[in-house]
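Notes for the one structure printed next.
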Amino acid sequence: HPSSRGCYFCWSIRYVLTSVIRTIISLYRLVLQFAKLSGFGPIITTASVKHAQFLKSLGATHVYDRNISTGDLSSEIAKVTAKPIKIVYDAAMTAETNVMGWTLLAADGQFITGPILGEGITNGTDGKEIVQVVGDPHIGDQLEIGCALYSRLGDLLADESIKVGGHTVDYLESG
């Protein structure tokens with residue numbers, strides 16, 4: 001679908017600022033790249049700082065130590081932007097990162113994660129919405145965006161819009 005390039009990141013999210021809290025390697029790589037492809041920014045993340053350059057090559061604009069406190073991260077974000085954090089994608093999906101992301105998220109923002117493990121996180125609080133990630137593009141309202149993505153995936157890999165660095169990809173004649 002020609003207009004799908006701007007719609008990859010997390011289904012129907014329409015905001016321009018995102019923060020990715022800690023990461024799981026493959027999922028995180030894709031989240032950063034889709035956020036960048038979709039024009040989100042700044043893209044702020046926590047991770048092991050030894051990977052900062054690599055993460056920036058994937059789309060992160062700011063990388064902070066994964067052990068940073070919520071208060072310190074909030075202060076660092078304030079140095080980057082005065083805009084509220086309207087999207088948080090928690091790829092680590094731990095109780096600690098859930099709470100950190102939820103705390104940093106602005107009112108009326110979207111919190112994207114898998115299972116909710118942190119205490120005090122309730123959909124609708126301050127207008128905040130929980131969007132739970134399901135890794136299957138064939139179900140529910142994910143079907144249209146999944147089909148659009150898969151129809152372009154070969155091109156995105158070929159032009160290196162999506163980098164798989166460290167993973168093996170086999171191109172199949174019939175694939």
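The values are calculated or read from the model by the stated rules, or taken from the named source; none is laboratory data. What you are looking at is a predicted structure, and each value in this text was computed from that prediction instead of being measured. With ideal geometry, Cβ positions are generated from the backbone for all residues, glycine too; neighbour counts draw on all protein chains shown.
Among the residues making up the range 141-152, those that are under 20 Å from the mean Cα position of the chain (by Cα) and either β-branched (V, I, T) or surrounded by 11 or more Cβ atoms within 10 Å (Cβ to Cβ) (or both) are Q142, L143, E144, I145, G146, C147, A148, L149, Y150, R152. Any residue that is under 14 Å from F34 (Cβ atoms) and not acidic (D, E) - is there at least one of those in the range 107-120? Within the range 107-120, one or more residues are under 14 Å from F34 (Cβ atoms) and not acidic (D, E). Among the residues of the range 64-116, the one identified as in contact with a Gly (Cβ under 7 Å, 6 or more places away or on another chain) and of a type in the set (K, R) is K86.
Conditions tested, residue by residue: (1) within 29 Å of S151 (Cα to Cα); (2) acidic (D, E); (3) at pLDDT 90 or above; (4) surrounded by 17 or more Cβ atoms within 10 Å (Cβ to Cβ).
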| position | (1), (2), (3), (4) |
| --- | --- |
| S12 | yes, no, no, no |
| K56 | yes, no, yes, no |
| V63 | no, no, yes, yes |
| D72 | no, yes, yes, no |
| S75 | no, no, yes, no |
| V80 | no, no, yes, no |
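The condition of being over 19 Å from L30 (Cα atoms), part of a helix (DSSP H, G or I) and hydroxyl-bearing (S, T, Y) does not hold for S151. Give the residue that is surrounded by the most Cβ atoms within 10 Å (Cβ to Cβ), with candidates limited to residues of the range 82-135 that are free of Cβ contacts under 8 Å to residues at least 12 places away in the same chain and either within 23 Å of I68 (Cα to Cα) or within 16 Å of the chain's Cα centre (by Cα) (or both). Selected residue: V134.
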